[in-house]
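Shown next, in structure tokens, is the structure this report addresses.
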Amino acid sequence: MSERHGTSQLTVREQEIASLIADGLSDKAIAKRLFRSSRTVEYHVLQIRNKLGLENRTQIATWFTRRADPAAVPGRPAPDNLPAPLTTFVGRHRELAEVRSLVRTARLVTIAGAGGCGKTRLALHLVAGLLDRYPAGVWFVDLSPLRDPERLAADVAGQLGAERVDDDRPVDGILSVVAAQGATGPRLLVLDNVEHLVDGCAPLAERLLRACAELTVLCTGREPLHVTGELIWRLGPLALPDAAAEAAGRAAEADAVRLFVDRAAMADPGFALAGENAAAVVDIVRRLDGIPLALELAAGQLGPISVDQLRDHLGHHLPLAGTRGLVSRQRTMAAAIEWSEGLLSESEHRLFRRLAVFGGVFTLEAACAAHGESEDVAATLGLLSALADKSLVVAGPAPGRYRLLGPIRSHARGRLRDAGELDAARRRHYDHFLAWAAPAADRLRGREQVAWVARLAEANDDLRAALDYGEEHALDSVLGFALALERFWFIRGHGSEGRRRLERLVDLDDRPTRERALALIALAKLTWARAEPAVVSRSIERSLAIFETLGDQDGVQLCLNHLGSLALSEGRPARARELYLQCLGLADPAGDRRGVGFLHGNLGVAAVLLRDHGAAEAHLGTALEILRDVGDPYETANALTNLGSMELARGRPAAAGGRYRASLDLLSELGPSANLVECLEGIACVAAAGGDAARALRLGAAAAALRQRAGVPASAVVRQLIPLDLDELRARLPRTTARRAGAAGGALSQEEAVALARSG
């Protein structure tokens, strides 16, 4: 929020209401405190938002806290996710100065230019030098692998590392990172390669800028967004040596020559610019029109051939550039790729075009599958290395990862289509990811959960493309493929995406199969978060009918279990217990110990809500024993959390604290989850019961902020199990103390909140 947003803009009443919002009071509570109607308070809140250019109450609270008491929000190093450069940045001093000046004065700047002209590299080098100017953070998002405008905001949030992304409110996931409560000062978001998603990027950028007054957005693309307030800066090729500079022996001062020489020395360590090769180098950079990607492709060929041979080869493929028009540069870029491609062997060329089927980063294993030939892994690795040597394939963000740059991928995909191999390549791609994702359902329920979530997230663009292919061709295996990803969609907050996919797939084939029944259960689970009990119930009932037709008692038990959980969420614990007991009667204690453990856990929760503490202790103790034994850390932690809530309900906070902390130890290893937040809330209740209201408020505010960032509100069941009341805690403390505690807690990261919870 910029400095023009001062308290002088607000009336005395509005300043008072802003201070109460910072204290965490609701509109209703503020109305009661000030003896005003709720509608009057709502009007004042709207006025505050409009005057300050803010979008929500969290931003009002952060603004007021910083104004009233800057020390209340602890400082921290500015976060950034900028990728580390693999090569040196060369030249562009004038361009850097001009764009730096624009970014300092405008909130939306787009660097526009032809493919291969160095937009991404310029942006990255620019913002790396501006980190001190943006103390609240700098973030970079590569849009090139993304294809679906409808999922743009959710995918951006995912790349930013949002702890959980709600597909129904994806922009909240982005704001949870770039406008995090407690982060103060300017912040910068880079959206790289916007050209193919302009229709989605334009409204997204506008919304983010409205929601976060201190945010600057820097875009790169072949075309601008064309929105109000956007400053467009056109990036051309690198500067070429003029005749006078060449005659005076100063050709090496030109940026195009400097880049070519730098990259040539990487390909051929013995290469250096000298009198005998200067003319050839100048000819090369002129023929390539100073386009950085074309220069790098050409320089990468040196070693096996000399610079004079390189010039001669280019002379046969590229006319000497005379115009600086966009079409001319695009032709030069295409010709440079074609020339590099022309140096490939048939085997290299075949792999090159088949790699275009990948939407983003790929592994050696995936490359072998795309290759589709009889060559072994070593042979494919050799071909990949050859393509990398020619700069047609580049290293990915981690060891063993590869990718094609955007212009090169587009070119290779055209070659794949021209060769009549596109459909076959997509089928190999589908088969590879079908087999690769098959273990996901099991792996996401055990000790490998965190690793598998990361693997699936990295491959998500390709998983979507593979599922699209299976759906387009109505393949029998596509429903099972989607089922394998159901828990991933749930954990990552892609519930809407998974729900839409499953809604289409369950109707591809209306036969009463077990797979279809399981898909209906998955559909119900992914719909749960939307608070549509009728839709959830209908999906479960359809699944139950199929399982009963098949005589599948395990499936019937699964449906009854979910109907019990639905009853629990609707405030009917007695009915839930009936259904859970019915399930337990159908279960096989020896064959499905994990399922039996779940049932005992559910029965324990129902018993806690029914105040049947003896039954709760028995069921939850059994659940804990079984789930520990079968090695399911997440559900073991869930049982421990519920045991903590049972102890709270019995008035034994010390015992509850031990259970919550044991759960927290397990959950910390698994990554972000709603259960982890519940543990923090439970430990806050323990602190409150022990008389430490300030500590309880810090933990409670941290949990509330984590919930908001993740877009995961507490369910009705959780609110009953863990009765945390932040307003009551604030009332116990002096106003300044309460404000400091709430602000400090809300500014904590998940790791810091966990450390605080463990310290008591």
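Please treat every number below as a calculation from the coordinates, not as lab data. None of the values given here were measured: they were computed from a predicted structure. Quick reminder, even Gly has a Cβ in these numbers, built from the backbone with ideal geometry, and neighbours come from all protein chains shown.
Odds and ends about this structure:
- Selected residue (only one of 120, 110 is more than 27 Å from residue 492 (Cβ to Cβ) and among the β-branched types (Val, Ile, Thr)): 110
- Selected residue [among the charged types (D, E, K, R) and within 28 Å of residue 140 (Cα to Cα)] from 350, 455: 455
- Residues of the stretch 204-233 that turn out to be closer than 25 Å to residue 58 by Cβ, charged (D, E, K, R) and surrounded by fewer than 21 Cβ atoms within 10 Å (Cβ to Cβ), as a count: 3
- Of the helices (runs of 4 or more DSSP H) lying entirely inside the stretch 460-530, those containing at least 1 residues that are over 20 Å from the mean Cα position of the chain (by Cα) span 460-472, 478-484, 495-505, 514-528.
- Selected residue (only one of 108, 86 is of a type outside the set (Asp, Glu), out of contact with any Phe, Trp or Tyr (no Cβ under 6 Å at 6 or more places or on another chain) and buried (at least 22 other Cβ atoms within 10 Å of the Cβ)): 108
- All positions within the stretch 207-230 that are touching a strand residue (DSSP E or B) at 6+ places or on another chain (Cβ under 8 Å), under 18 Å from residue 102 (Cα atoms) and outside any strand (DSSP E or B): 209, 214, 223, 224, 225, 227, 229
- Filter result for residue 431 (touching a strand residue (DSSP E or B) at 6+ places or on another chain (Cβ under 8 Å) and within 30 Å of residue 351 (Cβ to Cβ)): no
- Every residue from the stretch 116-143 that is part of a loop (DSSP other than H, G, I, E, B), within 22 Å of the chain's Cα centre (by Cα) and crowded, with 23+ Cβ neighbours inside 10 Å: 137, 143
- When the stretch 441-459 is filtered for residues that are surrounded by 20 or more Cβ atoms within 10 Å (Cβ to Cβ) and in contact with a Leu (Cβ under 9 Å, 6 or more places away or on another chain), the ones remaining, listed by number, are 444, 449, 452, 453, 456.
- Of everything in the stretch 369-390 that is not in a helix (DSSP H, G or I) and not basic (Lys, Arg), the residue that is surrounded by the fewest Cβ atoms within 10 Å (Cβ to Cβ) is 374.
- Condition met for residue 742 (surrounded by 22 or more Cβ atoms within 10 Å (Cβ to Cβ), at negative phi and of a type outside the set (A, V, I, L, M, F, W, C)): yes
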